[in-house]
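For reference, the structure discussed in these notes is given below.
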Amino acid sequence: MKIYMVGGAVRDKLLGLQVTDHDWVVVGGTPEALTAQGFLPVGKDFPVFLHPKTREEYALARTERNSARGYRGFEVYAAPEVTLEQDLARRDLTINSIAAPARPESATGLFEPDFEALVDPYGGQRDLKAKVLRHVTDAFREDPVRILRLARFAARFADFSVAPETMAMMQDMVQDGEVDALVPERVWQELARGLMEQQPSRMLEVLRACGALQHLLPEVARLWGVPQRAEYHPEIDTGIHLLMVLDMAAQLGAPLPVRFACLCHDLGKGTTPTDVLPRHIGHEERSARLLKGLCQRLRVPGDCREIADVVAREHGNIHRSAEFSPAAVVRLLERCDAFRKPQRFADILLACECDARGRLGFEQTPYPQRLRLLQLLTAAQGVATDQVAAEAMAAGQSGPKIGEWIHRARVEAVRQSAVFAPAPVAAP
């Protein structure tokens, strides 16, 4: 029985990156042999075992064959006669198909890989040096999830190119309808992980180049070719603007709900009537409607869905909020549910900043609306709502009227805040 470290752990070690997760494959082993050494069986679809000390996963070498369209079923064969090369052949990319032999240390019993004796039958080291994402074998086409995985790796390793033959294979897979059979959960899982990479725009570029974007996210794909407003470099269309917004979100370290909101905030511009181009009148409501369908289709989690909906509806108002009266500001805060969910409102403002700065020539431009609205929310939160409600009831008010009193008190608090107060006159 031989043990090898495989996959991303070897790849990242060779790239000089921090290795956090270790994947191991066992060649020539059996479930009985591993359990006899204290390994715990956990695999449902194929034999996977947890190391008794580290709890890292050790999988028996196996082969796989797709038995249905999409990601709906694989026939797995794991047996002692399956070779390491056969196991590596089922992997997606050559850079993930490198193995390092490992031996247990006598003192700890832990396995230590030997990176001086790598097993690399498919040229993974060559492609790491050339910075190329290349499929291992034709088995790549049996799993359309690998299109999404490759796009995600393109977002992680932004300076890697996609091998022409791999791009051609992905295009064939799309034309054959493979991506149409993907289950929503896997699409969302890979999309979410890609959005959190260092350059998420690359994921969309790869998906668009192979044709998968038009099938998986048609609402997003329609943004290319749609002009921006004249003051925002109209030669750079809305699709390019979206790529810049996503990369700005990554640059600012935004969490997933914010990045998803950035992805979806302008969906309505892809359906703008030609008679109002390039002003995009009414695109906010169109964006919200399209977003709802997208979220239902991909089963997007509630936190991502909620923030994206508010950003789609209100990002234009937030951009223009410096022009608002105190009453308009409070109405905006109420529509955004900022009083009940202030942290979510902070995330909404971050998404709006990404939108504003995700434009050519605006990347370093300050976005004062974010801090200003947070300050105005703090001022409005200073209202003692219990006291205002008691005063309203003492005056014979009830129900919605009490809410009106609280609303007016918040408007007055905003009006009296330093943001709206006139600057003091300097002494002569």
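Computed from the coordinates by the stated procedures, all read-outs in this text should not be read as laboratory data. Worth saying up front: this structure is predicted, and the values here are computed from it rather than measured. A quick note on method: Cβ atoms are made from the backbone with ideal geometry, for glycine too, and the neighbour counts reach across all protein chains shown.
Diagonalising the gyration tensor over the Cα atoms of the chain and scaling each eigenvalue by 5 before taking the square root yields semi-axes of 51, 26, 20 Å, largest first. The alpha-carbon of LYS131 sits under 24 angstrom from the alpha-carbons of these lysines, leaving out residues fewer than 8 places away in its chain: LYS13.
Residues GLU64, GLU165, arranged from fewest to most other Cβ atoms within 10 angstrom of their Cβ, appear as GLU165, GLU64. Rounded to the nearest Hz, the phi-derived 3J(HN,Hα) couplings of segment 46-62 under the Karplus curve 6.51 cos²θ - 1.76 cosθ + 1.60 (θ = phi - 60°) are 7, x, 10, 9, 9, 4, x, 9, 8, 6, 6, 7, 10, 10, 5, 4, 8, where x marks glycine and proline. Evaluated with a Cβ-only charge set (Lys, Arg +1; Asp, Glu -1), segment 110-163 carries a dipole of roughly 400 debye about its Cα centre, given to the nearest 20. Computed from backbone phi, the HN-Hα couplings of segment 307-316 come to 5, 4, 5, 5, 5, 4, 7, 10, 4, x Hz, rounded to whole numbers (Karplus: 6.51 cos²θ - 1.76 cosθ + 1.60, θ = phi - 60°; Gly and Pro given as x).
Packing around the peptides 340-351, 262-273, taken as the average count of other Cβ atoms within 10 Å per residue, puts them in this order, highest first: 262-273, 340-351. Return the FRET efficiency for the residue pair GLU323, GLU285: r is the Cβ-Cβ distance, R0 is 22 Å, and the value is rounded to the nearest 0.05. Computed FRET efficiency for GLU323 and GLU285: 0.60.
The Cα atoms of segment 2-128 give a gyration tensor whose axes a ≥ b ≥ c have a/c of 1.5 or more with a/b no greater than b/c, which makes the shape oblate.
Each stretch of four or more DSSP H residues adds -39500 (n - 2.57); spread over every residue of the chain, this sum gives -14500 deg cm²/dmol at 222 nm. Between segment 327-396 and segment 134-156, the alpha-carbon centres lie 42 Å apart. Net charge dipole, segment 1-61: roughly 120 debye, given to the nearest 20, about the Cα centre with Cβ charges of +1 for Lys and Arg and -1 for Asp and Glu. Simple rule: put +1 on each Lys or Arg Cβ and -1 on each Asp or Glu Cβ in the chain, find the dipole, and look at LEU298, SER321, GLY211; the Cα lying farthest toward the positive end is SER321. In order along segment 332-337, the phi-based Karplus estimate (6.51 cos²θ - 1.76 cosθ + 1.60, θ = phi - 60°) of 3J(HN,Hα) comes to 5, 4, 5, 5, 7, 6 Hz; Gly and Pro are listed as x. Relative to the longest principal axis of the Cα atoms of the chain, helix 184-195 runs at roughly 80 degrees.
Taking Cα atoms only, the orientation of helix 201-210 departs from the longest principal axis of the chain by about 60 degrees. Report the relative contact order of the chain, percent, no decimals, based on alpha-carbon pairs under 8 angstrom and at least 6 residues apart. Averaging sequence separation for qualifying contacts and normalising by length gives 9 percent for the chain. Taking a ≥ b ≥ c as the square roots of the Cα gyration tensor eigenvalues, with a/c under 1.5 meaning rounded and otherwise prolate when a/b beats b/c, else oblate, which class fits segment 240-381? Rounded is the answer for segment 240-381, as its axis ratio a/c remains below 1.5. The peptide list 246-257, 359-370, 377-388, 168-179, put in order of mean Cβ contacts within 10 Å with the highest first, becomes 246-257, 168-179, 377-388, 359-370.
Once the Cα atoms are used to define both axes, helix 368-381 deviates from the longest principal axis of the chain by about 70 degrees.
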